[in-house]
1. For the stretch 240-375, list log₁₀ I(q)/I(0) at each q in 0.12, 0.21 Å⁻¹, using the Debye formula over Cα point scatterers of equal strength and ignoring solvent, two decimals each.
2. May I have the extent of the alpha carbons of the stretch 139-276 along their three principal axes, as whole Å values ordered from largest to smallest?
3. Over its Cα atoms, what ratio of radius of gyration to 2.2 N^0.38 Å does the stretch 4-84 give?
4. What ranking, highest mean first, results for peptides 321-330, 104-113 when packing means the other Cβ atoms within 10 Å averaged over each residue?
5. Nearest 10 degrees, 0 to 90: what angle lies between the long axis of helix 86-110 and the longest principal axis of the chain (Cα atoms)?
6. For the Cα atoms of the chain, what angle does the longest principal axis make with the long axis of helix 254-287, in degrees from 0 to 90, nearest 10?
7. Any chance you could run the full-extension gain for residue 254 through residue 174? It's 0.36 nm times the residue separation minus the Cα-Cα distance, nm to one decimal.
8. Taking 0.36 nm per residue of sequence separation and subtracting the Cα-Cα distance, how much length would be gained by fully extending the chain between residue 239 and residue 41, in nm to one decimal?
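Every number in this text was worked out from the coordinates using simple rules, so none of it is lab data. Just so we're clear, the structure is a prediction, and the values are computed from it rather than from any experiment. Cβ sites come from the backbone with ideal geometry, for glycine too, and all protein chains shown count toward neighbours.
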Ligand SMILES: [Zn+2]
């Protein structure tokens, strides 16, 4: 079903009259004498708009009619006024027409076929059966597209006979009953299409080829155009401004700023490691007694990683076996370490604790650790351990 009112993408308002209403799940599908609503097809989303000030909730074609879903039923003789969201429609038409243009250019130059087209809010892509694609090809494509926008080639809609169309398109593409609708871009492209388009290339404003990607069937070429491109630049500028302000650098020096932060962080981590070693030594000085008894200690303000490092330090540097329990935010983490020249099995002791208090973890006979929830019973039990 061809609706010629859709040939003009700027026709966004229409006075018409009701022809049919069907109720479905307490909502009402309305058919009108004419419509300016585009109904999703060819990868192009439906129009957004209102009828007599009420939002259109859905659109569909059925039994040769185009139906518009409204919450309330319109009266039979009520005058009908349709209005489409022009901003949404124009953006869709720009993206769709850009797809025609890129497909036509790459098809003409490299003889590649368009395999798929994907539109999203942020960026669109077209997949071609390329066996290779390069930065140079992407940049040439962008220059060519924008040159044709400057030339402002006309984008025109035609309704040719089958004989006329057969001069431009393959015979098998003409085997359907509908009237033929053709979209031409100057003399560059001749394409059977039922979607909506801008009237000439200047309405695309600008095309940016944002990248490309290998797929299993070829290459995806990514692009943004017109209003979408301007929105994208605006959104990225906001993010860049924020990041640049945080790092106190200009946009073009953001990477320098990021590397400075990374290097500062590395230096800070090196200092933390030095101070940790000093605190381990102080801890050992304070708590490691001269005898060879097991060192058991409960920490309430140490992180899990540091407790593990301390256990290692005590076992390896001080030749002292230990059981260390870290308690933080109602969680527990126990580390059992056995000094090289001492007896015992760290993993066996950990398993006893794990079975009794539902801890998760593991290790080997010289070092075992793990954690779970914390209870007074666990703390008391750990404090009572005499040997590994
Ligand atoms: Zn089209």
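1. Those come out to -0.59, -1.18, one per q.
2. Here the Cα extents, ordered largest to smallest, are 85, 34, 25 Å.
3. Working: Rg = 11.9 Å, N = 81, 2.2 N^0.38 = 11.7 Å.
Its radius of gyration relative to the 2.2 N^0.38 Å reference: 1.02.
4. Working: 321-330: 19.9, 104-113: 15.3.
Ranking the peptides 321-330, 104-113 by packing returns 321-330, 104-113.
5. Orientation of helix 86-110: about 90 degrees from the principal axis.
6. 20 degrees
7. Details: separation 80, 0.36 × 80 = 28.80 nm, distance 5.46 nm.
Answer, rounded to one decimal: 23.3 nm.
8. Details: separation 198, 0.36 × 198 = 71.28 nm, distance 3.48 nm.
Contour length minus the Cα-Cα distance gives 67.8 nm.
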